[in-house]
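The values are calculated or read from the model by the stated rules, or taken from the named source; none is laboratory data. Remember, predicted model here, so these are calculated numbers, not experimental data. Heads up, the Cβs are rebuilt from the backbone with ideal geometry, glycines too, and the neighbour counts pull from every protein chain shown. All accessible areas refer to the heavy atoms of the entire protein, side chains included, with ligands and DNA or RNA removed. Shrake-Rupley method; radii C 1.70, N 1.55, O 1.52, S 1.80 Å.
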Amino acid sequence: ASHDEIIAALSNLRTLAWVLQADTRFQPTDVRALASPAAIADHLWRYWTEGKVRFQNLLVRLAEREANFEHSFEVSKLDPVDAAAMDERPTRMPLRINARNRIEFQHDLAAEWSRFQRLKEIADQPEQWASYADRPLWIGALRMLGSFLLREIVDSVTAWDVAFETLENQKKTLAADILLDA
């Protein structure tokens, strides 16, 4: 209750519902599980995907497509690997098939948090993820990445410092500004 950013994250009813559904992932002794929205997203990520790469891959790729303003995906156009992953997905995964046989995220945050997982994969390559800074649906995930980088240490400084210096040297001011905002 003393962390405003956690209160803000949990005031979203969908996020609160996900946290309550995944209550076994949020043990009272593990304060870090609720230390930031990024930590909440990471715990829910493991809950949604059961740590299985095929589900993680599906969520990330659909979230990337969603960031290109493709907000639902035709079932008939899924490749066989994605179709199999959809058939085998855990029921708690934040995807649903609507009445028009299109797959969509249950909530915008699920897509954003999936994009955050993609950014974590390339966190040490600011020159690569900086290209997302001018794409509106990536901004929230980039802010989460900035928060994540503040907690990562690289050679006695934060990964945030390393990324920010790289972006400043490369004159990627929009991405640097998003890090500052984070």
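Which ones in the range 106-127 are in contact with a strand residue (DSSP E or B) (Cβ under 9 Å, 6 or more places away or on another chain), over 18 Å from A39 (Cβ atoms) and surrounded by 20 or more Cβ atoms within 10 Å (Cβ to Cβ)?
A111
State the number of residues belonging to the range 151-167 that are open to solvent by 80 Å² or more (accessible area, probe 1.4 Å) and either in contact with a strand residue (DSSP E or B) (Cβ under 6 Å, 6 or more places away or on another chain) or among the charged types (D, E, K, R) (or both).
Result for the range 151-167: 3.
Give me the pairs, please: first residue somewhere in the range 47-72 and closer than 14 Å to M93 by Cβ, second residue anywhere and of a type in the set (V, I, T) and open to solvent by 20 Å² or more (accessible area, probe 1.4 Å), beta-carbon distance under 8 Å, and either six or more positions apart or on two chains.
Correct list of pairs: R54/V81.
So which pairs qualify, if the first residue must be in the range 133-160 and part of a strand (DSSP E or B), the second must be of a type outside the set (F, W, Y) and open to solvent by 40 Å² or more (accessible area, probe 1.4 Å), the Cβ gap must be under 7 Å, and the two must be at least 6 apart or on different chains?
V154/V162; T158/L150; T158/E152
List the helices (runs of 4 or more DSSP H) inside the range 1-65, counting only whole elements, that have at least 1 residues being modelled with pLDDT under 80 and surrounded by fewer than 19 Cβ atoms within 10 Å (Cβ to Cβ). I'd like the intermediate steps shown before the answer.
Working: elements: 4-10, 13-21, 37-49.
It comes to 4-10, 13-21.
Got a sec? Which of A130, A111 is in a helix (DSSP H, G or I), without any contact (Cβ under 8 Å) to a residue 60 or more places away in the chain, among the aliphatic types (A, V, I, L, M) and within 20 Å of T49 (Cα to Cα)?
A111
Does any residue of the range 69-80 turn out to be open to solvent by 20 Å² or more (accessible area, probe 1.4 Å), assigned to a helix (DSSP H, G or I) and under 25 Å from A22 (Cβ atoms)?
no
Counting only residues that are in contact with a Ser or Thr (Cβ under 7 Å, 6 or more places away or on another chain) and either of a type outside the set (A, V, I, L, M, F, W, C) or surrounded by fewer than 17 Cβ atoms within 10 Å (Cβ to Cβ) (or both), how many does the range 128-149 have?
1
Output the residue which, of all residues in the range 168-182 that are open to solvent by 70 Å² or more (accessible area, probe 1.4 Å) and touching a helix residue (DSSP H, G or I) at 6+ places or on another chain (Cβ under 9 Å), is nearest to S36 (Cα to Cα).
Let us first name the residues in the range 168-182 that are open to solvent by 70 Å² or more (accessible area, probe 1.4 Å), namely 168-174, 177, 180-181.
Subsequent filtering for residues that are touching a helix residue (DSSP H, G or I) at 6+ places or on another chain (Cβ under 9 Å) retains 168, 170, 172-174, 177, 180-181.
On the way: E168: 26, Q170: 29, K172: 26, T173: 25, L174: 23, D177: 20, L180: 17, D181: 15 Å.
Top of the filtered list is D181.
So, in the range 88-108, how many residues would count as being touching an Asp or Glu at 6+ places or on another chain (Cβ under 9 Å) and in a helix (DSSP H, G or I)?
Adding up the residues that qualify gives 1.
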